[in-house]
Amino acid sequence: MERASRELPASWAPERTVWLNSGAPMPLLGLGTFRLRGEEAVRLSLDAALGNSYRLVDTAAVYGNESDIRHALQELLPRHGLARGDIFLTSKLSPRDQGQEAAERACLRSLEELGCDYLDLYLIHWPGTQGRPQEDKGNRERRQQSWRALERLYGAGKLQAIGVSNYSIQHLEELLAVCRVPPSVLQVEFHPELAQGGLLGFCRSKGIHLQAYSSLGTGQLVGRPEVAKVAARHGRPPAQVLLRWALQQGVSVIPKSATPSRVVENSQLWGWELSPADMEELGALDCGKRYCWDPTNVA
C-alpha cells in the first residue's frame, strides 16, 4: 500500500527532517508532552516550542492532554503564522484499547480530541493489553488486530504513517511477518545507558525509523559526570549533549519540558556536533539500564 511522497512544508528545514517509509516527512525534533497537563501548561510549552522551530508534537491517549493540545494549537498556530499542515501530530493507542474494533474507535476518538481530520503518525503504545498478564499469549493476536485497524485507517487517509512503541525485535519480527503496511516508526527509550544497538541496527535494516523517548533518562543522566565532561568540552548544557548523541545516530528526539526556557534550550541542537571520541565516551555508559517500562517479557 504505497503512497506518494509529500512535499516538505515551507516552515521545515530539510536537514532537520527524516523521510519515513510511508513517504511522509517527519521532523527530527519534537515536543514530548508526557505528564504535561492543563491548558495553561500545555499552551506555555507549545508556545515556546512553535517559536523555536519545533514542528512535531507527540502525545498519546493515556497522557490525557489531547484536548488541551487542540485548544493550544487553535490559539497558537495563527499567532506563529502556521497552519495544520506545518505541524506533525503524533498520538498513540492506549493499551486498554487493543483489538481491531477497539483500536479503530480509539484512534477516531483521538482525532476528535485533537480536532483533526488526520494524524501524521499513530502508534501502538505498548505490545501488551492493559489488565492482561504480560505472559498472556493473547497479547500477540490483539496487537495484530490493532495493526489491522491502523492499516485500514491509513488506507482511508486518516493516518499519514503508522508505527509502534516499546516493541522488541521479536515483536517487530512478528508484525513484519503479517502486516500489509510496515511500521514507519518505532518509539522506544533510548539514551547512552540504554543504547539499544541491536534494535537500532534491526530497524535500519528494515527501513523503520527509531525515535527516542526519555533521552535524558528521566533527568537522571544530566547529572552524570561523564555527560558533564563532554558538555563542558562543547560549552553546552548536558541535555543538549544527550539529545545530540541520539541525532548523530539518525535517531529523532522528543524531549519534554513544562519550562519554556528548557524547551528553547532543547531546540539548540544544530550547527555543532559531537566528535567520534565524544560519541564513544557516551556510548561507554551503555549498561542496559531502563528508567521506564520494559517490554521484553510481553508475550
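The values are calculated or read from the model by the stated rules, or taken from the named source; none is laboratory data. All of these numbers come straight from a predicted model, not from anything done at the bench. Ideal geometry is used to build each Cβ from the backbone, glycine not excepted, and the neighbour counts take in all protein chains shown. Surface accessibility is based on the protein's heavy atoms, side chains included, excluding ligands, DNA and RNA. Shrake-Rupley method; radii C 1.70, N 1.55, O 1.52, S 1.80 Å.
See the values below:
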| read-out | value |
| --- | --- |
| Meets criteria (farther than 24 Å from Ser53 by Cβ and open to solvent by less than 50 Å² (accessible area, probe 1.4 Å)) for Ala177 | no |
| Test: residue in segment 281-294 that is among the acidic types (Asp, Glu) and within 19 Å of the chain's Cα centre (by Cα) | yes |
| Within segment 27-43, tally of residues that are closer than 20 Å to Glu265 by Cβ, small (Gly, Ala, Ser) and in a loop (DSSP other than H, G, I, E, B) | 1 |
| Those residues of segment 249-262 which are open to solvent by 60 Å² or more (accessible area, probe 1.4 Å) and out of contact with any strand residue (DSSP E or B) (no Cβ under 8 Å at 6 or more places or on another chain), in sequence order | Ala258, Thr259, Ser261, Arg262 |
| Candidate set from segment 134-145 (those that are more than 14 Å from Leu176 (Cα to Cα) and part of a helix (DSSP H, G or I)); member that is most open to solvent (accessible area, probe 1.4 Å) | Arg142 |
| Helices (runs of 4 or more DSSP H) wholly inside segment 149-246 containing at least 2 residues that are of a type in the set (Val, Ile, Thr) and under 27 Å from Glu281 (Cα atoms) | 225-234 |
| Residue check for Gly64: in contact (Cβ under 8 Å) with a residue 12 or more places away in the chain, at positive phi and within 19 Å of the chain's Cα centre (by Cα) | yes |
| Checking Val18 against (1) assigned to a strand (DSSP E or B); (2) open to solvent by 20 Å² or more (accessible area, probe 1.4 Å); (3) free of Cβ contacts under 8 Å to residues at least 40 places away in the same chain, the condition it does not meet | (3) |
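Conditions tested, residue by residue: (1) within 23 Å of Val18 (Cα to Cα); (2) buried (at least 19 other Cβ atoms within 10 Å of the Cβ).
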residue	(1), (2)
Leu216	yes, yes
Gly219	no, no
Arg224	no, no
His234	no, no
Ala246	yes, yes
Val264	yes, no
Pro295	no, yes
